[in-house]
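Derivation of every value follows stated rules applied to the coordinates shown; laboratory data play no part. Keep in mind that what you see is a predicted model, and the values were worked out from it rather than measured. Neighbour counts are summed over all protein chains in view; Cβ atoms, including those assigned to glycine, are modelled from backbone coordinates with ideal geometry.
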Amino acid sequence: ASQLNLINNIVAHGRTNGTLNLSGNATIADTSGLNTLINRGWTINGSVPVVTITTASLSSMTQNSAFSQTLGRMGGLAPYSWSIVSGYLPIGLSINPGTGVISGTPTMTGNYNVTVRLTDSLNNTFDQTYTGTVSAVITQTIEVVNSTASYGVDAISTPHPTLNITVGNTVLICASSY
C-alpha cells in the first residue's frame, strides 16, 4: 500500500494597503512521488487592520525630571518596531524600538519636533509627528529683609530656634522642633 503526502507550497504573498494576498499549490501524492492524486491551486485574500499610532501628543516635560510615556498603537500585525524617521527627541530621551516607550531625563530646555514611525511585520507603516517644549525648572528667590532670630523653650521645656522673617509688611514665623 502506498502512503500519501500532502505537499503545500506557498508560492507568493504580498500586501497592498492593509490587504494580505496569499496563493499556493496543494499537491497530494504517494510517497514514491510518481502518482499525483490531486493538484489544486488556492488563494486567500484578507484584510489586515491598518497599523496606527493612537497617542496624539506627548506629556509635558521638565528639564532634569525623569520622563516616561508608552506610545499607543492599534491594528497591523505583530511584531512591531518603533523608530525616529525625522527630527529629534529632547536630549536625554530615547525610544525603545520594541515597545514604543519614550523615556529618559531631558537635560536641556527648548522646543522639539520629532516624527515617530510604527512598522508592523508586513511593513505597513504609520508616522506621527510630536512637537513640544521642555520647560525649565521653576525656582523662586525671596529676598529676606528685617529678619530676627530667637531661641526659646516650648511647653515641655525643649529648646527650639525660631526665625522671624519680614517680607514687606508681613512677618513670617518659621519655627522648628526636635
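Summing charges over neighbours of Leu71, with a neighbour being any other residue whose Cβ is under 13 Å away from its Cβ, gives +1 when K and R count +1 and D and E count -1. Grab the Cα-Cα distance for Ala136 and Ser103, subtract it from 0.36 nm times how many residues apart they are, and report the gain in nm with one decimal. The span from Ala136 to Ser103 would gain 10.1 nm if fully extended. Note that the range 110-125 has calculated 3J(HN,Hα) couplings of x, 8, 9, 8, 9, 10, 9, 10, 10, 10, 9, 5, 9, 6, 6, 10 Hz, one per residue in order, obtained from phi through the Karplus relation 6.51 cos²θ - 1.76 cosθ + 1.60 (θ = phi - 60°); glycine and proline are x.
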